[in-house]
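Worksheet: one structure, shown below.
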Amino acid sequence: LHAIPPTTIYEYAIEIRVKGEPLERKLKPEQAKEILNSDEVKYGLGAARDTFVYDRISLFYLTNSFQDANLHGAGS
Amino acid sequence: LIPDFEVTLQSTSWKDAVFSLKVATEFSLGIINQVIQQKADSVHAAPALNFLNHLFAKRPSETLIAVGRKYFSNLSADISPAFNELEFRRGIFQSVLFSGSKSLALNINQSTAAFWNSNMVDLMHVAMTILQLQNPTHLASRNLTHERFKVLKDAFKGLKFFIKHRGPEAERRHYSIKRLLWMNARESKFDWTDQSGKTRQISVAEFMHKVYGKQLRYPLTPLVEINGKAHFPMELCFMVRVCLSPPLLIQPQAYRPTLNPKQREAIIKFANIVYPPLM
């Protein structure tokens with residue numbers, strides 16, 4: 001751990017809004033998974049999609065703990 | 001760097017959604033070496049340490065049972081024999097931190113935690129195990145003392161379950177128990193409009209029979225209430241075993257209530273912690 005390179009880390013704010021639903025309503029895990037795995041989102045993330053690190057969750061691995069409409073992710 | 005973007009997603013299964021991503025902040029991991037070389041204060045390294053904690057948590061959170069920042073395995077060697085309604089599991093707690101003044105370390109500690117016994121099937125099973133009953137009819141409200149009811153009520157709070165009587169699609173929804181009720185399925189009634197449009201009072205037991213064809217075997221047991229104020233008979237509530245992607249298929253629920261003295265003694269014994277005698 002003493003040789004960590006001076007990589008720049010960018011933090012991103014991610015927001016998912018379901019149309020016609022109040023903001024405080026929890027997002028269904030299946031829907032969240034579908035959204036994050038959609039071609040449009042993958043295209044937007046570009047090459048970074050394979051190195052993106054979500055707070056406590058990865059793009060391809062979603063559990064029921066993923067229920068908040070807003071996520072903050074960090075990616076290099 | 002990913003440019004900001006916003007996309008509208010259309011789905012046949014869900015309402016349309018808008019996904020947006022914006023750059024919030026940026027920092028360099030170089031700050032860590034600066035702190036180690038005493039060229040910067042460790043306070044400024046907090047975002048970098050936070051990021052490394054997330055990074056190092058990624059793999060364990062995918063392959064182990066995550067409870068907060070602790071991770072537990074499914075290996076039988078790490079699971080205690082069932083202790084009534086509980087089982088204990090060994091795991092790890094990990095965090096990245098500065099070690100002394102000249103290095104960074106990944107601190108890994110052994111941790112032991114209590115989970116609901118993963119062999120229990122439904123809430124009747126759970127209740128009978130907690131109260132150590134052999135006969136389910138002893139769970140009828142009229143047979144429960146206030147003390148025993150309170151034991152169940154405290155244990156059930158927040159417990160997650162799912163139901164099967166509404167079909168496979170509904171099984172994926174998880175409910176959390178708000179409280180246990182004295183009322184049973186014959187006593188709890190609500191307004192119900194039948195197919196002819198006529199509204200009348202119906203008991204939970206009759207409703208389950210009329211609508212779902214479920215003749216309750218134990219209609220006199222206490223009901224559980226969820227946040228939506230719906231009442232469910234215990235025999236129709238099944239313990240949630242969170243299904244994750246492979247390789248981990250079953251994730252038992254962490255046990256949230258405070259452990260009683262016997263349970264504490266058992267978990268300490270399992271964790272193999274030997275305390276020195278008090279002087």
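Quick note: the coordinates plus some simple rules give every number you see, no bench work behind them. Remember, predicted model here, so these are calculated numbers, not experimental data. For neighbour counting, all protein chains shown are included, and Cβ atoms are generated from backbone atoms with ideal geometry for every residue, glycine included.
Take the Cα of B:ARG69, go 7 Å toward its beta carbon, and the backbone nitrogen atoms of the stretch B:109-142 under 12 Å from that spot belong to B:109. Shown is the FRET efficiency for B:SER13 and B:ASP154, computed with R0 = 41 Å from the Cβ-Cβ distance and rounded to the nearest 0.05: 0.55. When the trypsin sites (Lys or Arg not before Pro) in the stretch B:47-147 are filtered for DSSP coil states and for at most 12 other beta-carbon atoms within 10 Å of their beta-carbon, the remaining sites are B:LYS102. Per-residue ellipticity at 222 nm from helix content only, as computed over chain B with -39500 (n - 2.57) for each DSSP H run of at least four residues, stands at -7000 deg cm²/dmol.
Within the shell of other residues whose beta carbon sits under 9 angstrom from the beta carbon of B:GLU206, the net charge comes to +3, with Lys and Arg scored +1 and Asp and Glu -1. Relative to the current alpha-carbon distance between B:GLN132 and B:VAL43, full extension at 0.36 nm per residue lengthens the span by 26.8 nm. Farthest toward the dipole's positive end in the protein assembly as shown, which of A:ALA48, B:ILE226, B:ALA17, given Cβ charges of +1 (Lys, Arg) and -1 (Asp, Glu) about the Cα centre? It is B:ILE226.
Model label points for B:ASN107 and B:GLU26, set 7 angstrom from Cα along the Cα-to-Cβ axis, are 3.2 nm apart. For chain B, the square roots of the Cα gyration tensor eigenvalues, ordered a ≥ b ≥ c, give a/c of at least 1.5 with a/b no greater than b/c, which places it in the oblate category. Short-range pairs are left out: with C-alpha atoms under 8 Å and at least six residues apart, the relative contact order of the stretch B:92-197 is 15 percent.
Oblate is the label for the protein assembly as shown, because the ratio a/c of its alpha-carbon gyration tensor axes (a ≥ b ≥ c) is 1.5 or higher and a/b is not greater than b/c.
Of B:LYS160/B:LYS269; A:LYS42/B:LYS22; B:LYS189/B:LYS229; B:LYS178/B:LYS214; A:LYS28/B:LYS160; B:LYS15/B:LYS229, which ones are farther than 21 Å apart at the Cα? Check vs 21 Å cut-off fails for B:LYS160/B:LYS269; B:LYS178/B:LYS214; B:LYS15/B:LYS229. Counting Lys +1, Arg +1, Asp -1, Glu -1, what net charge surrounds B:THR258 among other residues with beta carbon under 15 Å of its beta carbon? So the environment of B:THR258 carries a net charge of +3. At full extension, B:ASN260 and B:ALA140 could sit 40.7 nm farther apart than now, given 0.36 nm per residue minus the alpha carbon distance.
For B:GLN94, the shell of other residues with beta-carbons less than 12 Å away shows a net charge of +4, using +1 for Lys and Arg and -1 for Asp and Glu.
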